[in-house]
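In what follows, a single structure is set out as structure tokens and then discussed.
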Amino acid sequence: MSSRSWGTSSAASTSGHEHDEIRNDVAVQSVSFYDSELRLALARRIFGDVRFVHYAHRAHPPIRILVDRGRITLAGAVASPVEQAVLGHIARGFLSFGVDNRLVVDGDPRPEDGRSEPLAARTHSAG
């Protein structure tokens, strides 16, 4: 049995549990000089900030900075909606083609598609 089919059948056998499927969203980041410089500058700004330095000291920081063709994606988990918003603001302060803030707040339920909703969508939804 291949590892791909094993993972799918394994996920299917855990139906009803927290994780019902395995998503394979692996992509290779571009190797452009600009993307590398942007990624490094943003990482220095975020992990050098006194509010986020505690994340930098972890073996695997929970904040991931992805840059592809000038577009910034923030992924991972943070402790509060304030941290989520501040990190998005910091990223938008860099010259880029756009920022996709996919950070989630630890303990917040995730939408069905597995992507985090923007902070504004969670706090200002019509009800």
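Among all positions in segment 75-92, there is at least one residue which is modelled with pLDDT of 95 or more, among the acidic types (Asp, Glu) and more than 26 Å from GLU21 (Cα to Cα).
Does segment 67-100 hold any residues that are in a loop (DSSP other than H, G, I, E, B) and either hydrophobic (A, V, I, L, M, F, W, C) or farther than 14 Å from ASP35 by Cα (or both), and which are they? ALA79, SER80, GLY93, PHE94, LEU95, PHE97, listed by residue number.
The sole residue among LEU74, LEU42, LEU87 that is surrounded by 17 or more Cβ atoms within 10 Å (Cβ to Cβ) and more than 18 Å from VAL104 (Cβ to Cβ) is LEU42.
The values are calculated or read from the model by the stated rules, or taken from the named source; none is laboratory data. Here the structure is a predicted model, which is why all the values come from computation and not from measurement. For neighbour counting, all protein chains shown are included, and Cβ atoms are generated from backbone atoms with ideal geometry for every residue, glycine included.
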